[in-house]
Every structure is written in C-alpha cells, then in structure tokens.
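Okay, structure first, notes after.
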Amino acid sequence: MKIPDQSTLYEGIADRPRLRGNACSACGRVYFPPLAIGCEKCGASETHLRPESLAASGTVYSLAQVHLHRGKTPAPFTIAEIQLDAGPLIRATLAPAAAHVRIGDRVSAEWAVVRTEDNGDELVEPVFTASSTAAVTTNGAHS
Amino acid sequence: MRTPLAQLRPVHVVGVGLHPYQRPSGTPYTQLGVHSVRAALTDAGLRWSDVESAYTGTAVTSMALSRLMYRHLGASGIPMVQVENASASGSSAFRQACMEVAAGLCDVAIAVGVDKPLNVTDPQRAAGLQNLVGDRVAPPTHFALLAARYMHDYGATPEQLAAVAVKNSRNGALNPNAQRREPRTIEEVLAPPQISGTLTQLQCCPIGEGAAAVIVASDDAIARLGLDRTRAVRVLSSAARSETVYDLENFDAALTRETTEQALAEAGVEATDLDVVELHDAFTVEELLYVEAMGLCKPGRAATALEDGEFEIGGRVAVSPSGGLLSMGHPIGPTGVGQVAEVTAQLRGEAGERQHAGARVGLTHMVGLGAVCVVHVLRKD
C-alpha cells in the first residue's frame with residue numbers, strides 16, 4: 001500500500017500525485033505549500049484560505065544538482081524550481097531519471113518511494129520528471 | 001510626519017574595531033567581543049564610560065549574551081540589548097545605534113557584532129512549515145538555483161561567476177582581519193569540492209566566528225569629548241525592508257533593489273556616486289545579482305563589468321574591498337558591523353593596501369533570512 005510521506009502536502013490516492021494547495025478567496029492568490037493563518041498577499045484571515053487541489057505539473061524555472069549534502073537524502077540529487085501551471089513557484093526533487101531536464105522544460109510529478117515499512121507499506125512522495133508529452137532530449141546528464 | 005535619518009541630528013562613525021574573523025575555536029565570544037570594543041574605543045579616543053548605549057548584533061551564539069561580555073569593560077549600567085536579524089543582525093544593531101543618537105536619546109552609542117556558531121536555529125521548523133524538499137535545500141542550493149537561472153537569463157558562464165571569488169580573494173589577502181587570506185586563481189576557485197550546482201567550496205562563504213564594533217556619536221559628543229572630527233564619517237541614511245510578494249522576480253535581488261533605492265534617495269546620492277560598496281556576497285552569484293539590483297551596472301552586465309575590472313580596488317567602484325563575505329568571512333552577527341568598519345576605513349583613507357583612492361561615498365548592504373535587507377550610505381565630508 002502507498003502512503004503519502006507528508007499527507008498535508010499531497011493526496012495519496014491517485015496514480016499521479018496532486019498537491020494540496022490553497023487559494024485566498026479575497027485576492028485570488030494560490031499557495032503551495034498551503035498557507036495557514038492569513039494570506040501573504042492581502043492579509044485576509046484564514047477563513048478566506050480555501051483548500052485547492054493543484055495539478056503537479058509546470059515549467060522548470062531553475063535547477064541545481066546537489067553534490068554535497070549533510071541530511072538523510074544521499075547526494076547527488078537534483079532540486080528544481082518549478083512554476084506550477086496553477087501559479088505558485090515551488091521547489092521539488094527531480095526523479096533520478098530526469099537528468100536531461102533543462103530550464104524551460106515541462107515537468108510533472110510521479111510517485112517515488114521514500115521508505116518501505118516492515119509490513120510492506122511504501123511511504124511515497126512526489127518527484128518531478130519530464131512530462132510524457134514533452135520531447136525527450138538525449139544530450140546526457142547535466143552538470 | 002515621517003523623517004529620514006538625514007533630517008534628524010547628524011550621526012557620525014567615530015571609532016571602529018575588529019577581532020579577526022576565523023574558524024570556530026575555543027575562544028569565548030566574550031573575549032572576541034571585548035577585543036573589538038577595545039579596538040573601537042582606542043580608534044575613537046574614547047573610554048567605555050563615554051558610551052551610553054549598546055546594541056549587540058548576534059544570531060547564533062546565545063540569548064542574553066550582552067552583559068556577560070560588556071561587564072569586562074567596567075559595568076557602567078548602560079542599556080544593552082541583543083539585535084537578531086539573521087545575516088543582517090549586525091547591520092540592524094548599527095541601525096539601532098544610529099537611530100538612538102539621531103533621535104537625541106543619547107550622544108554616544110556602540111554597535112557590536114559578535115557570534116560563534118553554537119546555536120544555529122531554524123525558523124521554518126519553529127513555524128511548523130512543511131515543504132516538498134525537507135532539508136534538501138541548504139543555503140548553497142538556494143543560491144545555486146539563482147546561479148542557474150542567472151546563467152540561463154544572461155548567458156553568463158560558471159567561470160564568470162567564479163571570477164567574483166577570485167577578485168574578493170585578492171582583496172581578502174590584503175585584509176589582516178579576513179578569515180580566508182590566500183589569493184586564489186580561477187582554477188583554484190573552480191576546483192572541487194563542488195557543493196551545489198556550479199558552486200564550488202570557494203564560491204561559498206566560510207563558517208566562522210569573530211567580532212566587530214562601531215561607535216557612533218553626535219556633533220555634541222564630538223565637540224564635548226574632543227574627538228577628531230577629520231576622521232568622523234557621516235551616516236547619511238539607513239534603510240531596512242522586508243520581503244513582499246515578488247512572484248518570479250528573485251526576492252533577494254528585488255529586496256536589494258528596493259532597499260538600496262530608498263537608502264540612496266534618503267542620502268541624496270546616486271548609485272554612480274558610490275566609490276566603495278560592501279555587499280552580501282555569501283555566494284559568488286550574489287555579487288553579480290546585487291550590483292545590478294543596486295544600479296551599479298545594467299541588468300546582465302555585471303559579469304562583463306567585473307571582467308573589465310570595474311569592481312576592483314582602483315576600478316570604477318570598489319566592491320567588497322574587505323574581501324567580502326567570501327573571503328573576509330561571514331560570522332553572522334559581526335558581518336554587517338564589519339562592513340561599516342571597512343567602509344569607514346576606506347572613506348578615511350586608512351585602508352592601507354586595500355585603499356580605493358579618493359573614496360568619499362560608501363554603501364553597506366546585507367540581506368538576511370526572512371528575507372530582510374538593511375542598507376546604509378556613509379560619506380566623508
């Protein structure tokens with residue numbers, strides 16, 4: 001069974017991940033990660049912040065391959081800034097197979113296993129890879 | 001009615017002092033701080049008992065650290081407070097000291113930056129914020145992302161970014177208070193270890209400790225205490241802002257642009273009037289982004305201007321003559337105060353081998369996690 005590693009951030013039921021964002025009903029700004037307490041843009045209170053399910057697809061704004069890292073994720077891995085089609089600029093991890101992705105490319109999320117529990121349950125998170133509709137380039141790993 | 005600093009009582013830097021920035025050691029912060037305060041008092045020709053108020057810029061050492069340090073100078077009972085504003089802590093402490101003198105609440109105030117990396121904390125964690133990348137985006141990756149986008153937008157190369165560290169290492173080599181004192185070639189800067197994206201170790205500022213102190217005084221104090229007016233440097237403006245919603249524009253650059261514009265306008269100075277600039281070059285790409293955001297060159301032109309020597313000591317405007325955060329170091333609390341010390345030395349014509357000839361107007365700039373930005377403009381009359 002697949003269980004979302006951070007269920008507050010994404011929905012765990014579909015084949016393709018969807019992100020749990022929210023939107024301000026006062027000014028229309030869309031947030032991911034979801035914003036609590038009040039709207040950063042207009043200051044409206046939390047009663048104006050409504051949950052909004054966001055497609056995990058967008059365009060790569062920037063990329064960085066992390067070569068040296070002290071945390072639990074083993075380096076190297078690649079972090080992308082992605083402008084979601086829904087608006088927010090987010091940071092996410094690229095799938096290892098997405099090494100050919102460049103700034104400006106279309107990407108969307110798929111599930112990656114973070115950890116497998118003793119009972120066989122898989123904790124999963126969304127990682128991004130080239131959208132299946134996008135042309136796949138073959139000029140090797142990026143540096 | 002709102003009144004900018006320039007229209008309040010004039011405030012002058014009258015003394016500066018430093019403890020060299022260095023790798024974290026067993027030396028207690030109290031010793032680092034007192035060393036810098038004594039140096040600043042000697043430089044100003046003042047006694048500790050002349051100082052009426054103290055602001056301590058500090059972020060990663062301990063709560064309540066001021067009095068344990070200042071008592072070693074003789075407990076005079078003056079007000080003292082810690083100012084925490086991430087990387088801009090020292091700049092913010094300096095701003096508080098300037099405002100207190102300008103408002104007429106006291107005649108002599110001191111800003112001391114002191115830190116040792118003993119208690120580095122995480123506001124995102126405190127706020128209970130979650131995101132998709134967890135701990136995978138450390139500061140070098142934040143700036144590696146900026147670097148990649150900058151190179152994409154303007155066609156700059158990794159070598160052009162690395163050139164920032166080459167220049168600042170040359171300046172740092174001339175600074176006895178710098179943590180990195182070796183001049184580096186482009187090959188050395190580009191050599192492994194690679195940290196994140198195109199950023200190598202020498203394109204990231206070192207982790208360190210240190211202290212810096214700056215004493216500010218009113219005209220009254222200069223006259224009453226018989227200070228050397230010819231060495232006083234006027235603080236023309238103090239601007240501080242925080243991040244708003246910028247969408248795709250990089251927030252560090254946007255915040256730098258807004259805050260610098262305000263500081264220059266309040267000082268009545270144009271960007272082209274600046275002779276020396278100390279800016280937040282914690283990572284090489286930042287210097288290119290910020291000289292553009294400050295209006296020192298056109299967008300996308302920073303790498304070329306750097307290659308042409310425009311930002312060298314002796315160039316059009318000396319950028320980070322101290323060696324900047326990359327070479328002088330970034331011990332956090334001290335950094336912003338140390339920038340004021342460097343600009344003061346430059347405007348006095350006392351910067352020795354690092355002297356930018358004819359320096360008259362200078363600017364200091366720090367951004368801090370949050371994000372916040374603090375800019376000061378200083379002038380030697």
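Taking every residue in the stretch A:1-30 that is under 16 Å from A:Leu123 (Cα atoms) and pairing it with any residue that is of a type in the set (Val, Ile, Thr) and surrounded by 15 or more Cβ atoms within 10 Å (Cβ to Cβ), at least 6 positions away or on another chain, the pairs with Cβ-Cβ distances below 6 Å are A:Lys2/A:Val124; A:Asp5/A:Val114. The residues of the stretch B:283-326 that are in contact with a Cys (Cβ under 6 Å, 6 or more places away or on another chain) and surrounded by fewer than 24 Cβ atoms within 10 Å (Cβ to Cβ) amount to a single one, B:Ala305. The residue that is farthest from B:Met328 (Cα to Cα), counting only those in the stretch B:159-182 that are open to solvent by 20 Å² or more (accessible area, probe 1.4 Å) and either of a type in the set (S, T, N, Q) or facing another protein chain (nearest Cβ under 9 Å) (or both), is B:Gln160. The residues in the stretch B:213-249 that are away from chain A (no Cβ under 14 Å), of a type outside the set (A, V, I, L, M) and in contact with a strand residue (DSSP E or B) (Cβ under 9 Å, 6 or more places away or on another chain) can be counted, and the count is 9. From B:Asp153, B:Asp135, B:Asp122, grab the single residue that is at pLDDT 95 or above, within 14 Å of chain A (Cβ to nearest Cβ) and open to solvent by 20 Å² or more (accessible area, probe 1.4 Å). Sole residue among the options that is at pLDDT 95 or above, within 14 Å of chain A (Cβ to nearest Cβ) and open to solvent by 20 Å² or more (accessible area, probe 1.4 Å): B:Asp153. If you go through the stretch A:46-67 and keep only what is hydroxyl-bearing (Ser, Thr, Tyr), open to solvent by 20 Å² or more (accessible area, probe 1.4 Å) and either in contact with a Cys (Cβ under 6 Å, 6 or more places away or on another chain) or touching a residue at least 40 places away in the same chain (Cβ under 8 Å) (or both), you end up with A:Ser53, A:Ser57, A:Thr59, A:Tyr61. Residues in the stretch A:68-116 that are open to solvent by 70 Å² or more (accessible area, probe 1.4 Å), more than 13 Å from every other protein chain (Cβ to nearest Cβ) and assigned to a loop (DSSP other than H, G, I, E, B): A:Asp85 only. Looking across the stretch B:60-85 at every residue that is open to solvent by less than 30 Å² (accessible area, probe 1.4 Å), out of contact with any Leu (no Cβ under 9 Å at 6 or more places or on another chain) and part of a loop (DSSP other than H, G, I, E, B), the one that is nearest to B:Gly26 (Cα to Cα) is identified as B:Leu65. The residues in the stretch B:325-340 that are of a type in the set (Gly, Ala, Ser) and under 8 Å from the mean Cα position of the chain (by Cα) can be counted, and the count is 2.
All conditions in (1) touching a Phe, Trp or Tyr at 6+ places or on another chain (Cβ under 8 Å); (2) open to solvent by less than 20 Å² (accessible area, probe 1.4 Å) hold for B:Gly90, with the sole exception of (1).
The single condition among (1) open to solvent by less than 20 Å² (accessible area, probe 1.4 Å); (2) in contact (Cβ under 8 Å) with a residue 12 or more places away in the chain; (3) hydrophobic (A, V, I, L, M, F, W, C); (4) within 14 Å of another protein chain (Cβ to nearest Cβ) that B:Ala111 does not satisfy is (4).
Residues in the stretch B:1-44 that are in a loop (DSSP other than H, G, I, E, B) and among the small types (Gly, Ala, Ser) were compared, and the one that is surrounded by the fewest Cβ atoms within 10 Å (Cβ to Cβ) is B:Gly26. Looking across the stretch B:182-217 at every residue that is charged (D, E, K, R) and touching a residue at least 12 places away in the same chain (Cβ under 8 Å), the one that is nearest to B:Ile332 (Cα to Cα) is identified as B:Glu209. So for the stretch B:201-221 (the condition being under 30 Å from B:Asp50 (Cβ atoms) and open to solvent by 60 Å² or more (accessible area, probe 1.4 Å)), does at least one residue qualify? Within the stretch B:201-221, one or more residues are under 30 Å from B:Asp50 (Cβ atoms) and open to solvent by 60 Å² or more (accessible area, probe 1.4 Å). Looking at this structure, is A:Ala36 open to solvent by less than 50 Å² (accessible area, probe 1.4 Å), in contact with a strand residue (DSSP E or B) (Cβ under 9 Å, 6 or more places away or on another chain) and among the small types (Gly, Ala, Ser)? Taking the combined requirement at face value, the residue does not satisfy it.
B:Ala271 meets the conditions (1) aliphatic (A, V, I, L, M); (2) more than 19 Å from the chain's Cα centre (by Cα); (3) farther than 24 Å from A:Thr78 by Cα; (4) surrounded by fewer than 23 Cβ atoms within 10 Å (Cβ to Cβ) in every case but one. The failed one is (2).
Within the stretch A:13-53, count every residue that is within 14 Å of chain B (Cβ to nearest Cβ) and more than 27 Å from B:Gly370 (Cβ to Cβ). Number of matching residues: 2.
Tell me whether the stretch A:13-34 contains one or more residues that are in contact with a helix residue (DSSP H, G or I) (Cβ under 7 Å, 6 or more places away or on another chain) and either assigned to a loop (DSSP other than H, G, I, E, B) or at pLDDT below 95 (or both). For the stretch A:13-34, residues in contact with a helix residue (DSSP H, G or I) (Cβ under 7 Å, 6 or more places away or on another chain) and either assigned to a loop (DSSP other than H, G, I, E, B) or at pLDDT below 95 (or both): present. Do we have any residue at all in the stretch A:39-46 that's closer than 30 Å to B:Ser196 by Cβ and assigned to a strand (DSSP E or B)? No - not one qualifying residue is present in the stretch A:39-46.
The values are calculated or read from the model by the stated rules, or taken from the named source; none is laboratory data. Nothing here was measured: the structure is a model prediction, and the numbers come from that model. Please note: Cβ atoms are built from the backbone with ideal geometry, for glycine as well, and neighbour counts cover all protein chains shown. For accessibility, only protein heavy atoms count, side chains too; no ligands or nucleic acids. Shrake-Rupley method; radii C 1.70, N 1.55, O 1.52, S 1.80 Å.
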